[in-house]
1. Using a 1.4 Å probe over the heavy atoms of the protein chains, calculate the carbon and sulfur portion of the accessible area of the range 53-149 as a whole percent.
2. Using Cα positions and a limit of under 20 Å, work out the lysines in reach of Lys129, with same-chain residues fewer than 8 apart set aside.
3. Could you do me a favour and compute the accessible area per residue for the chain, 1.4 Å probe, result in Å²?
4. Just how large is the dipole of the range 1-134 about the Cα centre, in debye to the nearest 20, putting +1 at every Lys and Arg Cβ and -1 at every Asp and Glu Cβ?
5. Separation between the Ile190 and Asn133 pseudo-spin-labels, each 7 Å from Cα along Cα→Cβ, expressed in nm?
6. Could you order peptides 162-172, 80-90 by the average number of other Cβ atoms within 10 Å of their residues, highest first?
7. Remind me, relative contact order of the range 75-119 in percent, using alpha carbon pairs under 8 angstrom and six or more residues apart?
8. Out of Ser97, Trp26, Ile127, whose Cα points farthest toward the positive end of the dipole of the range 5-139 (charges: +1 Lys, Arg; -1 Asp, Glu; placed on Cβ)?
Amino acid sequence: MNTKLGDLRTIAKDIKQDHGLAMELWATGVFFARQLAILIMDKRQLSEQAIDDLINDINQHENNEKLQLIDWLMANQLMKDKRTIAFLTSWENNPSSLKRRVYWYYQARLRWMGKIQPDSEQLLFKIEKKIENEEPEVQWAMNFTAGWIGVYEKKYQDRCVALGEKTGLYKEQMVSKGCTPDYLPEFIAIERKKRKL
């Protein structure tokens with residue numbers, strides 16, 4: 001099935017918000033149906049228990065689908081409401097690796113538009129301490145956060161580059177043309193150059 005994300009967004013726009021239909025689609029267990037379900041959910045009905053149930057279901061998918069679904073849920077629902085943001089900002093040390101990924105990916109997203117955050121040094125210290133022993137899905141989000149700190153906050157740039165050199169994470173990663181590598185020394189250099197920083 002060759003379903004494009006743009007197609008799902010078009011379908012979701014036609015349906016608008018329909019939490020009942022979203023839950024029916026979700027219950028199918030089908031990856032694309034669940035992506036569409038996320039787009040038409042009513043965030044006001046996402047209690048912490050409801051989110052836990054969604055995450056438990058997401059964990060049943062194979063890795064690539066699992067990461068797409070959790071990131072999609074964060075970007076399209078959890079970041080859209082102060083109440084759900086309060087949930088995700090409490091997940092730094094949660095037993096669920098997907099919840100920890102959401103916590104760190106949210107920190108990265110706060111920064112990637114250039115908005116300096118007051119807790120960057122504190123977060124960087126935690127990343128330096130924990131990243132090497134984290135689950136791969138969490139490592140990526142922590143690394144991404146360190147990358148954006150290094151891009152926009154010059155005083156931490158050398159520290160973030162050194163972190164990448166020390167961990168060696170993503171050093172050998174092959175990336176598609178036009179994509180930025182995740183290896184911190186390259187990521188920071190390329191993204192700073194793009195922004196003329």
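The values are calculated or read from the model by the stated rules, or taken from the named source; none is laboratory data. Bear in mind that the values here come from a model prediction, so they are computed numbers and not experimental data. Every residue, glycine as well, gets a Cβ built from its backbone with ideal geometry; the counts of neighbours run over all protein chains shown. Calculation scope for accessible area: heavy atoms of the full protein, side chains included, ligands and nucleic acids excluded. Shrake-Rupley method; radii C 1.70, N 1.55, O 1.52, S 1.80 Å.
1. Summing carbon and sulfur atoms, their accessible area is 48 percent of the total for the range 53-149.
2. Filter leaves Lys99, Lys155, Lys166, Lys171.
3. Per-residue value: 54 Å².
4. Using only the charged Cβ atoms, the result is roughly 480 debye.
5. Using points 7 Å along Cα→Cβ, the separation is 3.1 nm.
6. Ranked by mean Cβ neighbours within 10 Å, highest first: 162-172, 80-90.
7. 23 percent
8. It is Ile127, whose Cα lies furthest towards the positive end.
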